[in-house]
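Report on the structure given below.
The values are calculated or read from the model by the stated rules, or taken from the named source; none is laboratory data. In this text, all values refer to a predicted model and were calculated from it rather than measured experimentally. Surface accessibility is based on the protein's heavy atoms, side chains included, excluding ligands, DNA and RNA. Shrake-Rupley method; radii C 1.70, N 1.55, O 1.52, S 1.80 Å.
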Amino acid sequence: MNAEFLLTAFVVVLLPGTGVLYTLAVGLGLGARAASFAALGCTLGMVPQLLLATFGLSLILQASAASFQIIRLLGTAYLLFIAWQVFRGSGVLALDSASPRSTRQLVGTGLWLNLLNPKLGLFFLAFLPQFVPAGSEDARGLFLILGLVFALMTFFVFIGYGLLASWVRDYVIGRPVVMSLIRWSFTLAFVALALRLAIETLQP
């Protein structure tokens, strides 16, 4: 494992996506502890995708347009459902609600966000082989290790995002105008991610 992989992976993890938005929203609404469970859920959702990519099953998904479309549509619907929850101020992403959410809800939502993303396994197939030396005796094992390091990095970076959001929370939670703006911003962001997934194809 080299520094180039670690640096590149870190940059990729920092880029905003569904997991980042989810962790930020939970951190703002429920604080650091809840955001940590949200980050855990997002990370756990990556593991099955990594295993699929490691053992070549993502190639089956790539070859089967029908399977890809089904998962893509389910993922789009789930993102729209999350956007609706944010907009209504209900469910696990009720930003200004003091009602507690269970660990199962927090982890489960993050888990499904990544499980229903058909591009994640294909991303692993496109990204990780660049850092597997040609002619490696255990290319599959190295591929899996790199993926697990990427997932672990994701977990800690997402926790960092959650801590940042929980720190900001104390300054905005009692300001209705600011909270309304934040709610609209997260709603539109999740809608935009849903629309982007809706028009995704198997082409890179």
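What length, rounded to one decimal in nm, is gained on full extension from LEU74 through to VAL11, with 0.36 nm per residue of separation minus their alpha-carbon distance? Net length gain for the segment: 19.9 nm. Taking each residue as 0.36 nm, the span from VAL168 to PHE81 lengthens on full extension beyond its C-alpha to C-alpha distance by 28.8 nm. Computed with a 1.4 Å probe on the full set of protein chains, the accessible area for PHE37 sits at about 50 Å².
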